[in-house]
Amino acid sequence: MVEPLSLWCALASRCLAQTTNVQHVSDVVRIGGVTRVQRTFAFVDVSGFTEFTDREGDAAAVALLETIRGSIRHLASVHGVRIAKWLGDGAMLVGVESEPVIEAVVDMIDANRDMTATPLRAGVASGRVILFEGDDHIGQAINLASRLSDLAGHHEILAPKSMMTSFLVNTRSVSAGERHVPGIAAPLELVRLESATS
């Protein structure tokens with residue numbers, strides 16, 4: 001026997017699909033077969049990794065990557081953030097909410113602070129992006145996070161000021177001024193993200 005609520009939900013979904021090609025549910029927007037979702041992205045990488053490899057050799061470079069990837073993997077898991085892909089000496093992280101992504105990256109940078117020869121740097125951005133084939137993302141937020149990582153200095157995390165919310169209780173932001181970001185038409189007001197206890 002079919003439960004009345006289950007039957008009603010199935011009928012309602014079918015009617016919605018037939019009457020409109022736009023569907024908006026929480027952070028998901030579906031228009032004409034394309035799904036956009038609200039996500040936060042971070043790019044974290046080792047600043048000066050090529051120079052380190054040239055100076056110290058391949059074995060030291062591989063050992064360093066194993067250490068850094070282990071730390072990133074552990075802290076992403078602690079904060080419930082997904083590692084979307086490894087990028088050689090870095091990683092792309094993704095999360096549904098901004099706060100866990102930001103706090104994970106802040107912890108990653110703090111865990112790396114004693115590694116002065118191979119400091120981490122990061123960029124964070126959020127926005128609606130296309131969810132492609134269920135496991136890939138396409139959109140400006142991804143490009144912005146990547147470019148902010150490229151602009152960041154040693155042990156620095158850059159993000160748009162517009163991302164700051166009152167929910168970031170473990171993180172503080174310090175103005176990094178207005179900057180021109182490659183690929184972005186208008187200058188952006190940026191902040192540096194730091195642990196609230198540092």
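Which ranges mark the strands (runs of 3 or more DSSP E) fully within segment 105-189 that have 1 or more residues being touching a Ser or Thr at 6+ places or on another chain (Cβ under 7 Å) and modelled with pLDDT under 80?
Result: 120-132.
Being part of a helix (DSSP H, G or I), in contact (Cβ under 8 Å) with a residue 60 or more places away in the chain and aliphatic (A, V, I, L, M) is the filter here, so list the residues in segment 72-104 that pass it.
First, the residues of segment 72-104 that are part of a helix (DSSP H, G or I): 72-79, 98-104.
With the extra rule that they be in contact (Cβ under 8 Å) with a residue 60 or more places away in the chain, the set shrinks to 98-99, 101-104.
Within segment 72-104, Val101, Ile102, Ala104 qualify.
Just to check your reading of the model, which residue among Arg69, Arg55 is surrounded by 12 or more Cβ atoms within 10 Å (Cβ to Cβ) and either in a loop (DSSP other than H, G, I, E, B) or on the phi < 0 side of the Ramachandran plot (or both)?
Matching residue, one of Arg69, Arg55: Arg69.
With (1) at pLDDT 85 or above; (2) surrounded by 14 or more Cβ atoms within 10 Å (Cβ to Cβ) as the list, and Thr35 as the residue in question, which single condition is left unmet?
(1)
Quick check on this structure: which one of Arg147, Arg172 is basic (Lys, Arg) and more than 30 Å from Asp54 (Cβ to Cβ)?
Numbers: Arg147 fails: more than 30 Å from Asp54 (Cβ to Cβ).
Going through Arg147, Arg172 in turn, just one is basic (Lys, Arg) and more than 30 Å from Asp54 (Cβ to Cβ): Arg172.
Right, Ala186: free of Cβ contacts under 8 Å to residues at least 12 places away in the same chain and more than 23 Å from Arg73 (Cβ to Cβ) or not? Lay out the reasoning, then the answer.
Numbers: free of Cβ contacts under 8 Å to residues at least 12 places away in the same chain: yes; more than 23 Å from Arg73 (Cβ to Cβ): yes.
Criteria met by Ala186.
When you scan segment 97-106, do you find a residue that is surrounded by fewer than 16 Cβ atoms within 10 Å (Cβ to Cβ) and of a type in the set (A, V, I, L, M, F, W, C), even just one?
No, there is no match, as no residue in segment 97-106 is surrounded by fewer than 16 Cβ atoms within 10 Å (Cβ to Cβ) and of a type in the set (A, V, I, L, M, F, W, C).
What number of residues in segment 187-198 are loosely packed, with under 15 Cβ neighbours inside 10 Å and closer than 13 Å to Lys161 by Cβ?
Residues that pass the stated criteria total 2.
Can you name the residue in segment 38-64 that is polar (S, T, N, Q) and under 21 Å from Glu133 (Cβ atoms) and, of all such residues, is modelled with the highest pLDDT?
Among those that are polar (S, T, N, Q) and under 21 Å from Glu133 (Cβ atoms), it is Thr40.
Take the residues in segment 6-32 that are modelled with pLDDT under 50 and part of a loop (DSSP other than H, G, I, E, B); name whichever of them is farthest from Ala104 (Cα to Cα).
Once the filter is applied, the top-ranked residue is Thr20.
I'm trying to understand the selection: among the residues of segment 108-140, which are more than 17 Å from the chain's Cα centre (by Cα) and crowded, with 18+ Cβ neighbours inside 10 Å?
Asn112, Thr118, Pro119
The values are calculated or read from the model by the stated rules, or taken from the named source; none is laboratory data. Because the structure is a prediction, the values reported are computed rather than measured. Ideal geometry is used to build each Cβ from the backbone, glycine not excepted, and the neighbour counts take in all protein chains shown.
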